[in-house]
Structure formats: C-alpha cells, structure tokens
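J.: First the structure, then my questions, so here it is.
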Amino acid sequence: MTATDHRPAKASSGERVADWFDGRLGVYALGRRYLRKVFPDHWSFLLGEICLYSFVVLILTGVYLTLFFHPSMNEVTYHGGYVPLNGIRMSEAYASTLHISFDVRGGLLVRQLHHWAALVFLAAMLTHMMRHFFTGSFRRPREVNWVFGWTLLLLGLFEGLFGYSLPDDLLSGTGLRFVDGAILSVPVVGTYLSFFLFGGEFPGHDIVARFYSLHILLIPGIMAALVVAHLILVVYHKHTQFAGPGKSERNVVGTPFLPVYLAKAGGFFFLVFGVLALISAVATINPVWSYGPYRADQVSTGAQPDWYLGFAEGLVRVMPGWEITVAGHTLVLGVLIPIVVFPLLLVAIGVYPFIESWVTGDRREHHLLDRPRNRPIRTSIGAAWISLYLILLAGGGNDIVATRFHLSINAVTWAVRISLFVVPAVVFVVTRRICLGLQLRDRELVAHGRATGVVKRLPHGEYVEVHRPLGPAERHTLTEHEHRDRSDHRDLQTADPQPALDGARAPARHEEPQP
C-alpha cells in the first residue's frame, strides 16, 4: 500500500462551496435545525400556501407588466391594435394598457393572470384568517403573527384599489370619484387631503403616477417584509395542530420539511399557478377596452368595485343621505359615517385576540387548535361578522340586484338596511345553538357510541338499537378539549421542555418536541 492510498478523497466542487458558506453563514447548523422541521398535515393549512403562492404570481406578473406600462396622465391620440378606439384622445396610462392587451405578445394573459391572482390572494387571505379565527390559533404566543396577517390583509385591500385604478379607464375612474367623495366628506381637512392626493382638483394629473409608485414599490415592499416575518414566526413558534392521539401542547406531529413537505409544497405551487393560468385564459376580467378612457363628465353604468371592497361601497349606498351643519360646516353624514365604520369593521378583526384574552383572562400558551363547536361564542361572533360583510357586499350592488331581479331599488336598499341589524343577531343566536347542539351530539357519542342501524329485541320484549363504542382515537379527539380546560396549566410553564411522550416512549421521527 502506497502513501497516496491514505490521502483523503478530494472534496467535490459542491462540497467546497457548501463548506465556504458554512464557514461564513453556519448553513450546516441551520440545515440540521430547520430542514427537518415538522409540519402537521391538514387540508385547511393549504389556505396559507395559496396566499403565498398567489403573492409570488403577483410579483412575477407585476414585474412583467411594469416593462410596458406608462404611468402618465398626459393625453395622447391612440393608434393601436384595438381599432374601435383609434383616433380617441386618452391618457398614456390607458393607451399603454391597451398596448399590453392587444400588441404585446402574451400581454393580455399576463394582465388577466395578475388580476385573477390578486382576487384569489385576497380571498385566500380572508379565508386563511377566518380559519385561524375559528380554531383559535391566534392565541398566545401567536398574537403578533395574527397582527402581521391582519396588516397584510389591510395592505392588500389598498394595493388592489391602487392597481385597479392604474389603467385610467372609465370604470376605475368612477371608483376614484367615489374615493374622492369619501375624502371630501372628512370635516375641515377633507378638501386639503383631496387636493394633496390628486395634485389639484379632481381628477388632477398626478394620481396615476402616485398610485403607481405605491403599487409597485412601497406597499409590495412592506408586504414582502411582513410575509417573511410571518413565516419566520410560524417556524419559530412551530405550527399549530388539531388535537388527536399522540398530539399535545408540547409536540408537533407531521412530516419533515425536507424532503416530504418541500416536495408537496412545490407541487402545490405549480397547481395553484396552473389553475390561475387556466382561469386567466378562459375567463375575461376587467376588459378596459369596453369601458373606454376616463372622462370626468361620464360615469360607467353598473360600476362595481372588486369583491374585496364591495362592502365599503355597500356602507355608503345603504346609508341615508343625512347632512347636518355644525359651526358653519356641513357634515355629510351619509358618507362620513360609512368611512368611519369601514375601518372599524377591519379593526375589530385585528384586535380580537387581545379582547378575548382580556375577557376570558386566558394567559396560557396554546399550540392545539380548537374545534369551532367547542368555542360557541367565538364561532358565533365570527359567523355574525361574515354575515354582516356579505349583507354589505350585496348592498354595494343594490342596483345590479334590482335590475337583474326586476325589483325596486328602494326596496332592495331598505331590505339591506334592515338586514344590517337583524341578520347578524339572528346568525349569532343560530350559530351558538348549532354549536351547543353539536357539543351535545359529541357527548352522546362518547357516552353511548355510534348507532349501527341494527335493532335488537331484548328478552323482555323491548327493542333497542345497537351502538358501537367509539375507538380510543375518536374518543380522545372528542374529549381532549375538556381535559385540557380542566388541567392545571401551570404545569405547562414549569415542565421539562422535552418530556417523554406516552410514558417512556421517546419522540418518533415524525414528532418534534415543543420548546
């Protein structure tokens, strides 16, 4: 054997690169700690992934659109691929939108993909937050992450409004007139705010350029930072999970991040991207060429905002046209009250975790999720809020409802006004009774088992239905919340951070101790 036989094998180029990064960033230690992170499996957790992947699609398509869009309100005469508007005076913003739609290869598909991704992004965010709300995952230690998610939703609403207004078509211009009217209703400073925003008297000459800067730079930057912070906190706090056998407040049961979860997440990203692309290819959205360029002396018939802002318009439409005069100033309450209620409806979602913690006095850490039926008050509040939102959304399209169903618009408006106060209260009561009924059903299942449909005659002549006792796993799932509520939660604060599970059994590969 020669001396050369004892030499260590030469490291490959990939190993040398990895060693270089490890010496400067400690990637080996980070990889050992986080690449095997455990994530639980449940279909509702995919809602957050839809939010993330839709946001990625928005960024990618938005970058493409910025290459061709001209955010200017300078007037030009259009000569392009859409013949019906040739020779019409319009802003450069509108002309460039037509250019993207008809003259840029793939431009219309990318425009529609961007718009559909925005709608799905906001819908998924709202649904994702409702999932967190109804399961109680916003409780300690995740209140800050809830606020981050709520801020993302709020920024998403305004980001959608700004992007919706950029083409400077008649429909978006009508929406901006609505915004201007809301701003002007603010006492004392309303006119100053309007002149500052629009760069003069409405519609001004600066609004598209200003919205463009906000839409592609400021708000996306803040949202991207919040998304990163949101994901970091998810990893730091560990993922919540539904109660079940082997699951406790001190562990996480699921699949490791690498390779199982990463492979599933990658496949789901392409699935979301493919569905969005398919919708964008077959379903037209925001055909700005049908509306024409914006003119201050025209209003688009049947103008409706995107669904996520429909409830804000509903507030204004159903509000009576009240006006009062105070100290020589006219207060337009028909607009002022709705623009005050609009943020309050959103703030109520953002501060709810702190209100619940204060009312219940619950200061414990929670890593197991609630079944909505086991928290009837919280579930009823959430259902009432959703009903209120849907009523206002219908009120924002009262003219469409009236014309499509051949009804009086006054009758539709009054129906919405009455429903605004009656329906949430009814929904609250009914939801609470349903939750209590489901709790009673669970108790009966635990006590008597599940009905088999087999009828048996007893020796003394009585007929009874045979019940099959629940298995240990199902019984544990139905009763776990009661044991958790009765347990001494002070033990959770003093217990060993990595206890043995189920007696002497050590954590398995798919379990991760909770710190």
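J.: Anything in the stretch 442-454 that is exposed (fewer than 12 other Cβ atoms within 10 Å of the Cβ) and either under 12 Å from THR479 (Cα atoms) or touching a Gly at 6+ places or on another chain (Cβ under 9 Å) (or both)? List them, or say none.
T.: Taking the stretch 442-454 first, the residues exposed (fewer than 12 other Cβ atoms within 10 Å of the Cβ) are 447, 452-454.
Scanning the stretch 442-454 gives a single hit, ALA447.
J.: Continuing with the same structure: Looking at the stretch 411-428, which of its residues are open to solvent by 60 Å² or more (accessible area, probe 1.4 Å) and touching a residue at least 24 places away in the same chain (Cβ under 8 Å)?
T.: PHE428 - this is the single residue of the stretch 411-428 that is open to solvent by 60 Å² or more (accessible area, probe 1.4 Å) and touching a residue at least 24 places away in the same chain (Cβ under 8 Å).
J.: Let me ask something else. Out of the residues in the stretch 198-236 that are free of Cβ contacts under 8 Å to residues at least 12 places away in the same chain and of a type in the set (Val, Ile, Thr), state the one that is nearest to ASP297 (Cα to Cα).
T.: Top of the filtered list is VAL228.
J.: Out of all the residues in the stretch 32-60, which are over 11 Å from the mean Cα position of the chain (by Cα) and of a type in the set (A, V, I, L, M)?
T.: Scanning the stretch 32-60 gives LEU35, VAL38, LEU46, VAL56, VAL57, LEU58, ILE59, LEU60.
J.: Okay, moving on. What pairs come out if I take residues in the stretch 114-128 that are over 15 Å from GLY163 (Cα atoms) and pair them with residues that are open to solvent by 30 Å² or more (accessible area, probe 1.4 Å) whose C-beta lies under 6 Å away, six or more apart or interchain?
T.: From residues that are over 15 Å from GLY163 (Cα atoms), the pairs are ALA124/LEU47; ALA124/ILE50; THR127/LEU47; HIS128/LEU47.
Yes/no matrix, rows are residues, columns are (1) of a type in the set (Ser, Thr, Tyr); (2) touching a Pro at 6+ places or on another chain (Cβ under 9 Å); (3) under 21 Å from ALA93 (Cα atoms):
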residue	(1), (2), (3)
ASP180	no, yes, yes
VAL188	no, no, no
TYR192	yes, no, no
TYR212	yes, yes, yes
GLY221	no, no, no
ALA225	no, no, no
LEU231	no, no, no
VAL235	no, no, no
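J.: Within the stretch 349-368, can one find any residue that is among the acidic types (Asp, Glu), modelled with pLDDT of 90 or more and touching a Ser or Thr at 6+ places or on another chain (Cβ under 8 Å)?
T.: no
J.: What is the residue count in the stretch 234-265 for residues that are of a type in the set (Lys, Arg) and either within 13 Å of TYR34 (Cα to Cα) or out of contact with any strand residue (DSSP E or B) (no Cβ under 9 Å at 6 or more places or on another chain) (or both)? Break it down stepwise before answering.
T.: Of the residues in the stretch 234-265, the ones of a type in the set (Lys, Arg) are 238, 247, 250, 264.
In the following step, the residues that additionally are either within 13 Å of TYR34 (Cα to Cα) or out of contact with any strand residue (DSSP E or B) (no Cβ under 9 Å at 6 or more places or on another chain) (or both) were identified as 238.
Looking only at that region, the number is 1.
J.: Right, next: Can you find a residue in the stretch 322-335 that is within 30 Å of VAL56 (Cβ to Cβ) and part of a helix (DSSP H, G or I)?
T.: No, the stretch 322-335 has no match at all.
J.: Same structure, new question: In the stretch 287-302, which residues are buried (at least 19 other Cβ atoms within 10 Å of the Cβ), assigned to a loop (DSSP other than H, G, I, E, B) and out of contact with any Gly (no Cβ under 6 Å at 6 or more places or on another chain)?
T.: Passing the criteria: none in range.
J.: Now, a different point. For the stretch 456-475, state whether one or more residues are among the aromatic types (Phe, Trp, Tyr) and either modelled with pLDDT under 95 or closer than 22 Å to GLN304 by Cβ (or both). Full working, then the answer.
T.: Kept after step one, since they are among the aromatic types (Phe, Trp, Tyr), are these residues of the stretch 456-475: 463.
Checking the rest, the ones that are also either modelled with pLDDT under 95 or closer than 22 Å to GLN304 by Cβ (or both) come to 463.
Yes, the stretch 456-475 contains a residue that is among the aromatic types (Phe, Trp, Tyr) and either modelled with pLDDT under 95 or closer than 22 Å to GLN304 by Cβ (or both).
J.: If you scan the stretch 197-215, which residues turn out to be within 28 Å of the chain's Cα centre (by Cα) and either of a type in the set (Ser, Thr, Tyr) or open to solvent by less than 40 Å² (accessible area, probe 1.4 Å) (or both)?
T.: Scanning the stretch 197-215 gives ILE207, VAL208, PHE211, TYR212, SER213, HIS215.
J.: Among the numbered criteria (1) over 30 Å from ALA384 (Cα atoms); (2) in contact with a Lys or Arg (Cβ under 7 Å, 6 or more places away or on another chain); (3) at pLDDT 85 or above, which one does PRO499 miss?
T.: Going through (1) over 30 Å from ALA384 (Cα atoms); (2) in contact with a Lys or Arg (Cβ under 7 Å, 6 or more places away or on another chain); (3) at pLDDT 85 or above one by one, PRO499 breaks only (3).
J.: Okay, next question. Can you give me the number of residues within the stretch 27-48 that are surrounded by fewer than 12 Cβ atoms within 10 Å (Cβ to Cβ) and at pLDDT 75 or above?
T.: Residues meeting the conditions: 1.
J.: Moving on to the next point. When you scan the stretch 46-60, do you find a residue that is closer than 14 Å to PRO167 by Cα and not aliphatic (A, V, I, L, M), even just one?
T.: no
J.: Among the residues of the stretch 441-466, which ones are within 28 Å of ARG375 (Cβ to Cβ) and out of contact with any Pro (no Cβ under 7 Å at 6 or more places or on another chain)? Spell out the reasoning first.
T.: Applying the first criterion (within 28 Å of ARG375 (Cβ to Cβ)) to the stretch 441-466 yields 441-451.
The answer is ARG441, ASP442, ARG443, GLU444, LEU445, VAL446, ALA447, HIS448, ARG450, ALA451.
J.: State whether the residues of the stretch 304-317 include one that is among the β-branched types (Val, Ile, Thr), out of contact with any strand residue (DSSP E or B) (no Cβ under 8 Å at 6 or more places or on another chain), open to solvent by 30 Å² or more (accessible area, probe 1.4 Å) and assigned to a loop (DSSP other than H, G, I, E, B).
T.: Within the stretch 304-317, not a single residue is among the β-branched types (Val, Ile, Thr), out of contact with any strand residue (DSSP E or B) (no Cβ under 8 Å at 6 or more places or on another chain), open to solvent by 30 Å² or more (accessible area, probe 1.4 Å) and assigned to a loop (DSSP other than H, G, I, E, B).
J.: Could you grab the pairs with beta carbons closer than 6 Å, sequence gap of 6+ or different chains, first residue in the stretch 167-186 and in a helix (DSSP H, G or I) and acidic (Asp, Glu), second one modelled with pLDDT under 90 and open to solvent by 20 Å² or more (accessible area, probe 1.4 Å)?
T.: ASP180/PHE202
J.: Please identify the pairs in which a residue from the stretch 152-166 that is farther than 11 Å from LEU346 by Cβ has its Cβ atom under 8 Å from the Cβ atom of a residue that is not in a helix (DSSP H, G or I), counting only partners at least 6 apart or on another chain.
T.: Every condition considered, the pairs that remain are GLY160/ASP306; LEU161/PRO305; TYR164/ASN286; TYR164/PRO305; TYR164/ASP306; LEU166/PHE69; LEU166/PRO71.
J.: Assigned to a helix (DSSP H, G or I) and not aliphatic (A, V, I, L, M): which single residue out of ARG131, ARG140 fits that description?
T.: Result: ARG131 is the single residue among ARG131, ARG140 that is assigned to a helix (DSSP H, G or I) and not aliphatic (A, V, I, L, M).
J.: Just give me the residues in the stretch 339-366 being in contact (Cβ under 8 Å) with a residue 60 or more places away in the chain and either out of contact with any helix residue (DSSP H, G or I) (no Cβ under 8 Å at 6 or more places or on another chain) or assigned to a helix (DSSP H, G or I) (or both), in sequence order.
T.: ILE339, LEU346, ILE349, GLY350, TYR352, PRO353, PHE354, GLU356, SER357, HIS366
The values are calculated or read from the model by the stated rules, or taken from the named source; none is laboratory data. As the structure is a computational prediction, the values presented were derived from the model and not from experiment. When we count neighbours, we look across all protein chains shown, and the Cβ atoms used for this are built from the backbone with ideal geometry, even at glycine. All accessible areas refer to the heavy atoms of the entire protein, side chains included, with ligands and DNA or RNA removed. Shrake-Rupley method; radii C 1.70, N 1.55, O 1.52, S 1.80 Å.
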